[in-house]
Structure formats: structure tokens, C-alpha cells
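The values are calculated or read from the model by the stated rules, or taken from the named source; none is laboratory data. These numbers come from a predicted model, not from an experiment. Cβ: placed from backbone, ideal geometry, glycine included. Neighbour counts: every protein chain shown.
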């Protein structure tokens, strides 16, 4: 047992040396960071627990996730007016990247590319805002979905209400404390495959549900502001705005600003 | 009924730009945006978003008055041919009602909520703009008519050129209330006069 403890201590100090030597890589290279995280996790060290601890001081990783956490909150809150506080993980990551001044490297199936100057200026503004707030240039600090997930976990003790749901084959970030019942999750999973919208008939047919059950699921999603209804379609179409992600999001920011003022 | 397919396939994420240069947000292509949302919190957000679009549209085109019965004008703003969706006038009225609550619009009292002024600038802002123009142009020593402010040679390059009479009157009310200016009756609206006090600014 003593021997084991000794080995563990040696390993820890080696890990510290390793971290010191590869600090730059850990901060810059998301894949490297993920492997390092796993390595730490294996011996029960959590470098993210705080920016004050040995690891935080050594690496500055605590700050990294703290800062990322604030960016995630910003992204989720500024789009809540439209999506009811439910957003795909990949979309959260994409917007965080833009906020950090990174160009799109991945495009998800539900995102659109556009080159309008409004959105660009908005992004630049955000990027500048972060550069000013954090007093450093974040460009090149790429984040992964894994980083976003970790960061959301670190937000949890703050009572943020942030949660991650597995819906269908995608992870969704919820910024509103809520519970999704089974039927709601199933319907949201279905909507991923039907271009962001469904009607009662589609739900009934695809899931083999009676129309009453389909209607209840849709209506509760509507009530929870996760869906919007289009009554000019027959039968009425239910849309998940979280799957209709516009590029030009400055309008949401400005309307959020007017509603809080 | 209109069949909606993938919005990605239709490029609906991309905003529509009008010949005037006005660019709609891509939300303008979101079909449920044209149905008054039955969920209260969603409706609150929806009406805020519409309000923002209306204000931007009116500012861009220098429009002042929204008339629910002027469907020719409203069509461009409140309908979308690409997705075959249209806001009905009850919903537009409800949106304006929300804007009125926020001070972004005001119903014409005689119109039974059919016409409203859209305040993409507040009367207070117009007041500041007009009074600094008056003093900078040295027009503060004489009585100006409303016509000279709204349509005169001196104001041609000003943002308030062709300002709507109702907005101009509101603006003058602000100036009078602040004791910055006094107004004088004229034979008609355009011949109304205003005199700025030198100590006013």
C-alpha cells in the first residue's frame, strides 16, 4: 500500500512536470487538452476544480474553463428569446468559437453560412468585448465540445440550471432549469430528423402514437416555449427554433437588451 | 396548403434584402413567426422581435406611421412570399400594442387603434436634434414655422427633414414643456411657429 502511494506520488509529480512543460500545448491544443484531462482523471486529479490550486496556477486551466463558462452563458442567454433556452451542443460551440474570434471550422447540418456584414460586425464586437474583458487575445484558443461539456459541469455548483440532455443522437444544452419527460424527448429527437418541424400526423405515424398522445407532447413543448406553432400550415406545424439557427443573431441581442432596460 | 421542406435546403437561414437595401433578419423566414404564439413567454419574445424589426424597417425607410388598413405598404414588412406566410392585422395590432406599452409606438387617438406612430426616435431625441440645429444655424433669433423645420431649405440635409406632423408636434411639446421654446398658433399646422429661447440649450 505504501509502495502504491509512493508510485502515485511519483506519477503526480511527473504529471506536474509534464503539465509545466506542455502548458502551451494544453492551452492551445484541444485534443492534447482532452487527453491530459483524461490522464488527470485517472489518478483523481481535477485541474479544473479551481483556478487557485496547484494545477490552476500551473496551467491556468481553471481560468480557461471559467472564461469559457461565461461565454457559454452569454451565448445561451442571448438566444433564449428564440429557442426557449434549448440549444444543440454543436451550435453552442460554434457560437462560442465565433465569440472567441475563430472562424467557423465546422458547419452543422442545421447551421447556415451567410456573409452579411451585420452579423460579422456583431461577432467582431463580441470578440472585442471578450478581448477587453479577459485582457488577452483568445484567438487560436480553439475549444472542443468536450471543453464545453466540462465547462457546463463546472457551472453546475453555481446553481446555474445549465444541463445537457441527450436527445436523439445529439446533445442539447438547456439554460433553463427544466425536466423533459420521455415523450417530449422522443418528439425532440424526431424533429432532428424532420428538418426542425413536425405536425400531429407525422408524430403519430413515425412514432406509432395515438393522436392524443402526440398532441399532448406537442402542446407541452409549446407550453415550455421549446416549440413555436405555425397555424398557417394545415395541419399545424410545430417548430423547434433551436433547429432553425439564424446567422444574424444581433437582433436577439438587441431585443434582449431592450427588454431588460 | 404550403408545404415547408428543409429550411436549409431553401436557404431560409439567409436573410432577405430588399431593393431599398433593407435587410430582414433570417427570422423573417421562420414560418411560425407569422402566427401569434399562444404561449405567453414566447409571445413576449415574438412581439419584442417584431417590434425590433418594425423599428429598423421604419428607421431605414424614414417612415413614421403604421396604418393597419394600408395593406399595400404593410405587405412588404409583414408578409413573406418565399414561405407564403403573412401576419394578419389582429396580430400586427397586438404587436403595436406591445410597442405602445414600451413607449416605442403611440396610437393615433382618433384611429381606434388602426394607426400608430412608430418612435424609432423618441420625441426627446428629435427635440435635442432640432434645437441643436436651430442654434447651430443661428435660427434662434426669429420665429420658425413648422414648415421650415420639416420641409425648409435649411433642414434638407437633416434627419428630421419630412418629419411626420404628429411627431413634430410631440417634439415641440417636449421643447415647450422644458421651457426651451414657445409655440405660436398659425392658420394651419405648417404655419404654426416656434421661437427658441437663447438660454435654452
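Structure notes:
- Residues in the stretch A:203-226 that are within 10 Å of chain B (Cβ to nearest Cβ), at pLDDT 95 or above and in a loop (DSSP other than H, G, I, E, B): none.
- Filtering the stretch B:87-99 to residues that are within 12 Å of another protein chain (Cβ to nearest Cβ) and crowded, with 17+ Cβ neighbours inside 10 Å leaves B:87, B:91, B:98, B:99.
- Counting only residues that are at positive phi and within 25 Å of the chain's Cα centre (by Cα), the stretch B:132-164 holds 1 of them.
- Scanning the stretch A:1-42 for residues that are under 24 Å from the mean Cα position of the chain (by Cα) and exposed (fewer than 11 other Cβ atoms within 10 Å of the Cβ) yields a single hit, A:38.
- Flag if residue B:41 is within 10 Å of chain A (Cβ to nearest Cβ), in a helix (DSSP H, G or I) and either in contact (Cβ under 8 Å) with a residue 60 or more places away in the chain or out of contact with any helix residue (DSSP H, G or I) (no Cβ under 8 Å at 6 or more places or on another chain) (or both): yes
- Under the condition of being closer than 16 Å to residue B:65 by Cβ and in contact with a strand residue (DSSP E or B) (Cβ under 6 Å, 6 or more places away or on another chain), the residues counted in the stretch B:82-99 number 2.
- Scan the stretch B:1-37 for residues that are at the interface with chain A (Cβ under 7 Å from one of its Cβ atoms), at pLDDT 85 or above and closer than 19 Å to residue A:218 by Cβ and the total you get is 6.
- Against the numbered list (1) within 25 Å of residue A:233 (Cα to Cα); (2) more than 8 Å from chain A (Cβ to nearest Cβ); (3) assigned to a helix (DSSP H, G or I), residue B:69 comes up short only at (3).
- Which listed residue is under 25 Å from residue B:27 (Cβ atoms), crowded, with 17+ Cβ neighbours inside 10 Å and at pLDDT below 65, from A:90, A:114, A:119: A:119
- One residue alone among A:200, A:251 is at pLDDT below 95 and surrounded by 16 or more Cβ atoms within 10 Å (Cβ to Cβ), and that residue is A:251.
- Verdict on residue B:51 being closer than 19 Å to residue B:158 by Cβ and either at pLDDT 95 or above or surrounded by fewer than 16 Cβ atoms within 10 Å (Cβ to Cβ) (or both): no
- Within the stretch B:148-163, the residues that satisfy the criterion of being surrounded by 17 or more Cβ atoms within 10 Å (Cβ to Cβ) and in contact (Cβ under 8 Å) with a residue 24 or more places away in the chain are B:149, B:150, B:160, B:163.
- Scanning the stretch B:164-201 for residues that are surrounded by fewer than 16 Cβ atoms within 10 Å (Cβ to Cβ) and part of a loop (DSSP other than H, G, I, E, B) yields B:178, B:179, B:185, B:186, B:187, B:188, B:197, B:201.
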